Amino acid sequence: MAERENRRGRREEREETPEFADRLVAINRVSKTVKGGKRFGFAALVVVGDQRGRVGFGKGKAKEVPEAIRKATEQAKRQLIRVPLRDGRTLHHDVEGRHGAGKVVMRTAPEGTGIIAGGPMRAVFEMLGVKDVVSKSIGSQNPYNMIRATLNGLTKEASPRQIAQRRGKKVADILKKPEAEADASAEA
């Protein structure tokens, strides 16, 4: 990590993180009408991830597009969440996410399915490192709300290890098939 001093003389640590990939989801041009005419600004929405289970999003506003993207990327790196993945390719279980009027449904998928998702959701899954998932956005088509709903659902994702730890059991007990338990009780 490189250290430098900012304008106020405080030490600031900058992360040199080439392992993060980023995806620009949306750019919005906004105008402000002033006495002399119109002033244009840009708002950028960026999703950042390490493609191994961490993902975050950020938004940045500036007078120029590259500056807005830079600000959004920095914010996204500060807001990363970790999501447990099954075999590093799909979700452990089906999950729903909500934000405002946006609702998304995400389902696990067998190997080879690919990412079946709309624009902003696809960006989140690609940056997360998910290879097989089926998802549907219901309600809001606003990219900001779709991404927030997707991340809301992904924070609810739990691995068998986490569930076993929370319930004080072994992972094998959690992953037992219900038919196997019924056969075992029938034999006894």
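Please treat every number below as a calculation from the coordinates, not as lab data. Not measured: the values here are computed from a predicted model. A quick note on method: Cβ atoms are made from the backbone with ideal geometry, for glycine too, and the neighbour counts reach across all protein chains shown.
In this simple spin-label model, placing a label point 7 Å from the Cα along the Cα-to-Cβ direction at both residue 96 and residue 138 gives a separation of 0.6 nm. Here the contact order of the stretch 11-81, divided by its residue count and restricted to Cα pairs under 8 Å and six or more residues apart, works out to 26 percent. Counting Lys and Arg as +1 and Asp and Glu as -1 over every other residue whose Cβ lies under 15 Å from the Cβ of residue 69, the net charge comes to +4. In the stretch 91-176, the alpha-carbon atoms span a convex hull of 93 Å³ per residue.
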